[in-house]
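Contents: one structure, followed by commentary.
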Amino acid sequence: MRRFRGPHGRWFYAVVLGGAVIAGVSSVTRAGDVALKYPIKLAVFDFELDDFSAGGPIAGESPIETARLHAVTLQARRELADSPIFEIVDAGSSTDERVKTHWLRKCNGCDAQIAQRLGADMSLVGIFRKVSVMEQSLEIRIRDAKTGELMKVVGTDLRGETDDSWRRALDWLIKDRILAPEIARRDGQKTSEGAAK
């Protein structure tokens, strides 16, 4: 895993597989670069909170945090759906208990299998980690629904537990770390296909 400094001094990180930073949802695979069919059907599950703050695990999720998680989940689905890359699959229709109890962050990639049952090509799990009110982070994981392979992991640190700080962190990760590289990859794929004709 590599850590980079982004805009406004914000830190973000990306998973490294095979020595190359994954630039898009499927820009690097075990078998090499492959052409994708767009839009990719993506199951975006409810964002989850991993609370490591003093008393947090005992007190549980507060009503404010629950509302904030719901808001960022809707934001993620909206921003991804508005792109030419993804078609959002209704993850809320799942009857799996791990989805209902928001336990996907700790189920060792079970979200991929659940997403496949929903008819999706890939799954997305978002996790806000809280160490304290001032020290938090956001991580987004995308997996291949068929193989369970972890295709992309991006994250960023954030300061301050507010609606705005969560919204801005999510907006930046989706637009700059997920969509922008994949749109560039898609456009390059189109150019290659056109040249081959």
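The values are calculated or read from the model by the stated rules, or taken from the named source; none is laboratory data. Predicted model only: the values in this text are computed from it and were never measured. Because the Cβ atoms are built from the backbone with ideal geometry, glycine has one as well, and the counts that use them run over all protein chains shown.
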### Query
Any idea how many residues of segment 115-167 are closer than 25 Å to ASP96 by Cβ and polar (S, T, N, Q)?
3
### Task
Quick one: which helices (runs of 4 or more DSSP H) lie wholly within segment 32-103 and hold at least 1 residues that are farther than 17 Å from ALA169 by Cα and either under 18 Å from the mean Cα position of the chain (by Cα) or basic (Lys, Arg) (or both)?
63-81, 97-100
### Query
Can you find even one residue in segment 18-32 that is within 16 Å of MET151 (Cβ to Cβ) and either modelled with pLDDT of 90 or more or aromatic (Phe, Trp, Tyr) (or both)?
no
### Message
I'm trying to understand the selection: among the residues of segment 97-127, which are modelled with pLDDT under 95 and either in contact with a Cys (Cβ under 8 Å, 6 or more places away or on another chain) or of a type in the set (Phe, Trp, Tyr) (or both)?
### Response
ARG98, TRP103
#### Entry: First in segment 35-46 and farther than 17 Å from ARG77 by Cβ, second anywhere and part of a strand (DSSP E or B) and of a type outside the set (D, E, K, R), Cβ under 9 Å, 6 or more apart
TYR38/PHE86
### Query
Out of all the residues in segment 138-151, is one or more of a type in the set (S, T, N, Q) and either closer than 30 Å to GLY55 by Cα or in contact with a Leu (Cβ under 9 Å, 6 or more places away or on another chain) (or both)?
no
### Query
Which one of these does GLU48 not meet: (1) touching a helix residue (DSSP H, G or I) at 6+ places or on another chain (Cβ under 7 Å); (2) modelled with pLDDT under 70?
(2)
### Task
Would you point out which residue out of GLU139, GLU161 is farther than 18 Å from ALA76 by Cβ and not aliphatic (A, V, I, L, M)?
GLU161
